[in-house]
Amino acid sequence: MARVTKTLGALLALNLLWWLAAVLVGKPVLPTPLTVYAAFPQLLAHQIGWHLYFSLYRLGWSLVWSAVIGIPLGILIVRAPRFGAWVDPVVYLTYPLPKIALLPVVMLLAGLGDSAKIIMITMITVFQIIISVRDAVRQVPAGVYKQLRVAGANRWELFRDATWPASLAGVLTALRLALGTAIATLFFTEVYGTSYGLGYFIMDEWNRLDYPLMYAGIVVLAAVAFALFAVLNAVERRVLRWQQV
Amino acid sequence: MKLTVAGLTAVRGDQPVLADLSFAVPDRGILAVLGPSGTGKTTLIDALTRQLPSTGDCRLDDAPIDPRHQHLAVVPQDYGLLPWRTVAQNVALPLKVSQHHRLDAAQHQAVAQVMAALGIAELAKRYPNRLSGGQQQRVALARAFAQAPDLLMLDEAFSALDPVVKARAYQLFISQWQARPVTTLLITHDLEEALALGDALLILHHGQGQVQANPLAKVPLTTRREDARYYPAVAALRQEVEASWQE
């Protein structure tokens, strides 16, 4: 209950700041919150449901691919040291590259459709997953594996009882970090080569100079991000109960 | 089961740590292995449990030691609890691994009994990060005793405890051990602990050592630390090992 009250309080404070800024600026480019909320019913007429669907579709598949590629790689770097000796430096070298700059190349190779957008977001988020999982597995105390081996555990049992629970903690940490980046990248990729998606919707309303509706789109995007974080937090609270102090 | 170690040699990195070490522990005997850090005490456990390549012959009764075929239990200094498993799950873990995750009613009961005896039944659903050091140590002891091991190895298992908690931990260990006597290797750098709990002593030095009798071996475990001969024996042992440990 206290959490809900605090969240509502923060929301109210943000709206007050927004209102104050709008009044101070006094231009149509920054409408007041009330003007924007009054434009909300129009969102339905502008197919906001479809825009939302396409954005979530792209975001969801990107995160699935990031996990499918990133979790095994992160685990193997630690648990298969010979493989890790080759792959870890490659990850180290490519992680800091600004991969968004490769967007034109990805679009040329994968076309203007959903694939290019999903590939782009995956390319950016997969590194966070690899690194977080790698670090989480690396932090498993040596004594844990020792205990399991002394009990006669085979490789599968070592994975199930030690490596997997540890990497799950890494995945959830990474998803939390990656989600913000993924949504920013999603917005950027939806500016090109599509007529659907929240990124497209926001830029389209900007081109039409319909600022209240543009802000309504931004509020929806922010609400989506908030909802995804809330889901992630709930999953984390359940799966990582052992980390709670 | 009788533990026999013959010609055990182990190398860590490129450093030889155990050099042709031989000793035996009778069935249900407690051998205290003494030595300062770096003398190969932990290496001895790693070699016995096949965590480290070694040469030599290590047997329990007549069978070569193999974690897949015998029940081995290790209580390490950091207790080796799985952070993502509750206390009850940690205690049952070795049994579950060896039974392919199918425990019968008797095994469930054994786990519950050991937990109750060690006073951790009410902590069953807690995770290790919510436990004190003393509680974690009791969970590790419960895990070891619950599986009714063929060989129990304590690797500085009492070292991280403060004196008051340590005294209680000794009592709990002794009561559990007496309820389920098991061939035991007690690895320690603590001379008092070695004399209080060991039947015999093996003083490791440069990876070698000979077994010698504990002068207090005939005094019952429960009263040994109160015995008038205890502190003189500690002083004598201190004098004996001091020169070699300071080399």
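The values are calculated or read from the model by the stated rules, or taken from the named source; none is laboratory data. None of the values given here were measured: they were computed from a predicted structure. Note that each Cβ is placed from the backbone with ideal geometry, even for glycine, and that neighbours are counted across all protein chains shown. Side chains included, ligands, DNA and RNA excluded: accessible areas come from the protein's heavy atoms. Shrake-Rupley method; radii C 1.70, N 1.55, O 1.52, S 1.80 Å.
Observations
- Check on B:Ala19, surrounded by 18 or more Cβ atoms within 10 Å (Cβ to Cβ) and either within 14 Å of another protein chain (Cβ to nearest Cβ) or modelled with pLDDT under 90 (or both): no
- B:Val97 passes every criterion in (1) assigned to a loop (DSSP other than H, G, I, E, B); (2) out of contact with any Pro (no Cβ under 8 Å at 6 or more places or on another chain) apart from (1).
- For the residues A:Arg176, A:Arg149, A:Arg155, A:Arg160, the requirement of being away from chain B (no Cβ under 13 Å), open to solvent by 40 Å² or more (accessible area, probe 1.4 Å) and among the basic types (Lys, Arg) singles out A:Arg176.
- Restricting attention to the stretch A:123-146 and to residues that are buried (at least 18 other Cβ atoms within 10 Å of the Cβ) and of a type in the set (S, T, N, Q), the residue that is nearest to the other protein chains (Cβ to nearest Cβ) turns out to be A:Ser132.
- Residues of the stretch A:31-87 satisfying the condition of being under 27 Å from the mean Cα position of the chain (by Cα) and not in a helix (DSSP H, G or I): A:His46, A:Gln47
- Every condition in (1) in contact with a Leu (Cβ under 8 Å, 6 or more places away or on another chain); (2) under 22 Å from B:Asp78 (Cβ atoms) holds for A:Ala216 except the one numbered (2).
- Looking only at the stretch B:71-93, residues that are facing another protein chain (nearest Cβ under 10 Å) and over 16 Å from the mean Cα position of the chain (by Cα) come to 8 in all.
- For the stretch A:207-223, the criterion of being on the phi > 0 side of the Ramachandran plot, open to solvent by 60 Å² or more (accessible area, probe 1.4 Å) and either away from every other protein chain (no Cβ under 14 Å) or more than 12 Å from the chain's Cα centre (by Cα) (or both) is satisfied by at least one residue.
- Against the numbered list (1) farther than 30 Å from A:Arg238 by Cβ; (2) in a loop (DSSP other than H, G, I, E, B), B:Tyr79 comes up short only at (1).
- Residue count for the stretch B:32-71, restricted to those that are open to solvent by less than 20 Å² (accessible area, probe 1.4 Å), more than 21 Å from A:Gln147 (Cα to Cα) and assigned to a loop (DSSP other than H, G, I, E, B): 2
- Pair list, Cβ < 7 Å and 6+ apart or interchain, from the stretch A:194-218 residues that are under 11 Å from A:Leu43 (Cα atoms) to residues that are of a type in the set (A, V, I, L, M) and not in a helix (DSSP H, G or I): A:Pro212/A:Ala39; A:Leu213/A:Ala39; A:Ala216/A:Ala39
- Some residue of the stretch A:112-127 being touching a residue at least 12 places away in the same chain (Cβ under 8 Å) and out of contact with any helix residue (DSSP H, G or I) (no Cβ under 9 Å at 6 or more places or on another chain): yes
- Residue identified as in contact with a Gly (Cβ under 8 Å, 6 or more places away or on another chain) and in contact (Cβ under 8 Å) with a residue 40 or more places away in the chain among A:Val235, A:Val144, A:Val133: A:Val133
- Scanning the stretch B:11-44 for residues that are among the aliphatic types (A, V, I, L, M) and under 15 Å from the mean Cα position of the chain (by Cα) gives B:Val25, B:Ile30, B:Leu31, B:Ala32, B:Val33, B:Leu34, B:Leu44.
- All positions within the stretch B:114-172 that are crowded, with 18+ Cβ neighbours inside 10 Å, among the hydroxyl-bearing types (Ser, Thr, Tyr) and within 14 Å of chain A (Cβ to nearest Cβ): B:Tyr127
- Residue within the stretch A:56-67 that is over 25 Å from A:Ala223 (Cα atoms) and either open to solvent by 30 Å² or more (accessible area, probe 1.4 Å) or not hydrophobic (A, V, I, L, M, F, W, C) (or both) present: no
- Residue within the stretch A:159-172 that is of a type in the set (Asp, Glu) and more than 21 Å from the chain's Cα centre (by Cα) present: yes
- Spans of helices (runs of 4 or more DSSP H) in the stretch B:117-226 with at least 2 residues in contact with a Ser or Thr (Cβ under 9 Å, 6 or more places away or on another chain): B:163-179, B:191-197
- Test set (1) farther than 28 Å from A:Leu198 by Cβ; (2) in contact (Cβ under 8 Å) with a residue 60 or more places away in the chain - A:Val36 fails condition number: (1)
One line per residue, one yes/no per condition, for (1) open to solvent by less than 30 Å² (accessible area, probe 1.4 Å); (2) closer than 20 Å to B:Leu118 by Cβ; (3) touching a residue at least 40 places away in the same chain (Cβ under 8 Å):
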residue	(1), (2), (3)
B:Ile174	yes, yes, yes
B:Gln178	no, yes, yes
B:Thr184	yes, yes, yes
B:Leu191	yes, no, yes
B:Leu202	yes, no, yes
B:His206	no, no, yes
B:Ala213	no, no, no
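- Of all residues making up the stretch A:103-139, the number that are more than 18 Å from A:Pro72 (Cα to Cα) and not in a helix (DSSP H, G or I): 3
- Top-ranked residue in the stretch B:94-113 [being within 11 Å of another protein chain (Cβ to nearest Cβ) and under 22 Å from the mean Cα position of the chain (by Cα); ranked as modelled with the highest pLDDT]: B:Pro94
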